[in-house]
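In what follows, a structure is listed as C-alpha cells, so that the remarks can point back to it.
Nothing in this text is a laboratory measurement; each read-out follows from the coordinates by a stated rule. Remember, it's a predicted structure, so these values are computed and weren't measured experimentally. Don't worry about glycine lacking a Cβ; one is built from the backbone with ideal geometry, like all the others, and counts go over all protein chains shown.
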Amino acid sequence: MKTFDRIIIAFILSVLTASTTAAQFRNTGRLNTWTVRAVARNHEGAGTTYVRSVRAGRHPTFDRVVFEFAGSMPNYRVEYLRGRSYENEGGRQRIKIAGNAFAQVNLNLIPTDEEQMRLREQDSFMPKGRLKFRSVWELDEAGLFEGYYDFLLGIRARRQFRVSELSNPLRLVIDFKN
C-alpha cells in the first residue's frame, strides 16, 4: 500500500474515532436533578485527569457514589443499562455484581499510565464487595482501556438518580434515591 493511501486511511479513521467520542459525550440530561435518563457532560479542553478514589456512602433518603479526580473534570456519561451485560473492548460481558438494576459510569480522557495504575492499586481506591446500603449494593470496575475508564454500579432497583459536579477536591457525585 502506498504511503499516501495509508495517510488517507489513518486520517479517515481518526475523524471517525473523534466523532464517535464527541457524540458519546455530548451534554445530555440536567445536573442536580433527579432522573432515570442518561446524564453526560463533555468538558472540552480538559487536561490530564486521574481517578484518585471511588467512595460510597449512605444518607437517610439516598445512597451516594463519589468519584474524586486529580486534574480536571473528565468527560463522562452516567446511565442505566438495559440488562445484565455491558459492552467493553472485549465485547459483550455479563455483569457479575449484586443488583437488580445496573448503572454504568463512563469516564473519558483518563490516561492508562503508571500514575493511574498506582492510584487504582491502593487498598482505599474503591470499596470492595457487597455494600449494606438501601439502593447501591456493589461497585466494580468495568475496564480501563485507551482513555476510557468504566465503572458498574449494582443498584437494588431502577431508581431515580442525581448527578452533581463538586470542587475542592474535584468530584463527580451520583445519588440514588432509596
Please find, within segment 97-114, the residue that is surrounded by the most Cβ atoms within 10 Å (Cβ to Cβ) out of those that are part of a loop (DSSP other than H, G, I, E, B) and in contact (Cβ under 8 Å) with a residue 24 or more places away in the chain.
Ile110
Looking across segment 126-162 at residues that are among the small types (Gly, Ala, Ser) and in a strand (DSSP E or B), the single one that is farthest from Asn75 (Cα to Cα) is Gly154
Name the residues in segment 35-52 that are small (Gly, Ala, Ser) and not in a loop (DSSP other than H, G, I, E, B), would you?
Ala40
Selection over segment 53-80 where residues are surrounded by fewer than 18 Cβ atoms within 10 Å (Cβ to Cβ), part of a loop (DSSP other than H, G, I, E, B) and touching a strand residue (DSSP E or B) at 6+ places or on another chain (Cβ under 9 Å) yields a count of 3
Pairs under 8 Å by beta carbon, first residue free of Cβ contacts under 8 Å to residues at least 40 places away in the same chain in segment 134-156, partner charged (D, E, K, R), six or more apart or different chains?
Glu141/Arg120; Glu141/Asp150; Leu144/Arg120; Leu144/Asp150
Only residues that are under 22 Å from Asn42 (Cα atoms) and over 12 Å from the mean Cα position of the chain (by Cα): list them for segment 74-85, please.
Leu81
